[in-house]
1. Which of the residues spanning segment 58-82 are among the hydrophobic types (A, V, I, L, M, F, W, C) and not in a helix (DSSP H, G or I)?
2. The conditions are (1) within 18 Å of residue 147 (Cβ to Cβ); (2) surrounded by fewer than 19 Cβ atoms within 10 Å (Cβ to Cβ), and residue 12 fails exactly one of them. Which is it?
3. Can you tell me which residues in segment 132-154 are in a strand (DSSP E or B) and of a type in the set (Phe, Trp, Tyr)?
4. Under the condition of being among the aromatic types (Phe, Trp, Tyr) and in contact (Cβ under 8 Å) with a residue 40 or more places away in the chain, which residue from segment 111-147 is nearest to residue 21 (Cα to Cα)?
5. Checking the condition buried (at least 17 other Cβ atoms within 10 Å of the Cβ), modelled with pLDDT of 85 or more and over 15 Å from residue 12 (Cβ atoms), which residue from 137, 65, 146 passes?
6. Out of all the residues in segment 52-74, is one or more at positive phi and either in contact with an Asp or Glu (Cβ under 9 Å, 6 or more places away or on another chain) or β-branched (Val, Ile, Thr) (or both)?
7. Being under 25 Å from residue 29 (Cα atoms), hydrophobic (A, V, I, L, M, F, W, C) and not in a helix (DSSP H, G or I) narrows it down to one of 129, 85, so name that one.
8. Give the residues of segment 40-68 that are within 26 Å of residue 144 (Cβ to Cβ) and within 12 Å of the chain's Cα centre (by Cα), sorted by residue number.
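The values are calculated or read from the model by the stated rules, or taken from the named source; none is laboratory data. Note that the structure is a prediction, hence the values are computed from the model and not measured. As a convention, Cβ positions derive from the backbone with ideal geometry for all residues, glycine included, and neighbour counts pool all protein chains shown.
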Amino acid sequence: MTTFPLLGEPLAVDLANTAVRTRGREVDLIADDAGVADWLALHPVLGPVDGDRLRALRDAIREVFQATADTRSADPEAVRAVNAAAFRCLATLTSTSDGPVVEWGGGPLAVLARSAVEVVAAATLRGCANHDCVLFFAHGDDRRKFCDTKTCANRARQARHRERQSQS
């Protein structure tokens, strides 16, 4: 089973984070059907998705997220791809004994694109401050700069420590 980093973010961020950098090399964790199946197993609410269409949407979402993190204009084709998919997302309320429940329609790609739009609209998206990391996160704390305290933030602390030691 494929190991995915930083799970538990909004759906679109989890999808964007399936393209990673390991030891300076770009790695696509959903490059094949097995990777797609492993990722979808962690997100059963989505159901089955064509791998090529999922990767294409992921790439468009990553471009929009990177542009957001860099505060620059996103590639118009990426924006169109996300908007076209999000446009198909339909939300309906269903009354249950536990109260109202939102049900999302339009298919898994529409739900993922809608998630991307919501993340950008919430203005909580950041790229990891570690220049070797390509992961995104939706922050709840303005002081948070790294995707993960155990990896990227720890590496930054170690680098600062080494720098101080070399100046002594």
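1. Residue satisfying the conditions is 74 alone.
2. Residue 12 satisfies every listed condition except (2).
3. Taking segment 132-154 as the starting set, the residues that turn out to be in a strand (DSSP E or B) are 136-138.
Those that are in a strand (DSSP E or B) and of a type in the set (Phe, Trp, Tyr): 136, 137.
4. The first filter runs over segment 111-147 and keeps only residues among the aromatic types (Phe, Trp, Tyr), leaving 136-137, 146.
From what is left, the residues that are in contact (Cβ under 8 Å) with a residue 40 or more places away in the chain are 136-137.
Working: 136: 12, 137: 15 Å.
Only one residue fits best here, namely 136.
5. Sole residue among the options that is buried (at least 17 other Cβ atoms within 10 Å of the Cβ), modelled with pLDDT of 85 or more and over 15 Å from residue 12 (Cβ atoms): 146.
6. Let us first name the residues in segment 52-74 that are at positive phi, namely 71.
Adding the requirement that they be either in contact with an Asp or Glu (Cβ under 9 Å, 6 or more places away or on another chain) or β-branched (Val, Ile, Thr) (or both) leaves 71.
Yes, because at least one residue in segment 52-74 is at positive phi and either in contact with an Asp or Glu (Cβ under 9 Å, 6 or more places away or on another chain) or β-branched (Val, Ile, Thr) (or both).
7. None of the others qualify; the one that does is 129.
8. The answer is 58, 59, 60, 61, 62, 63, 64, 65, 66.
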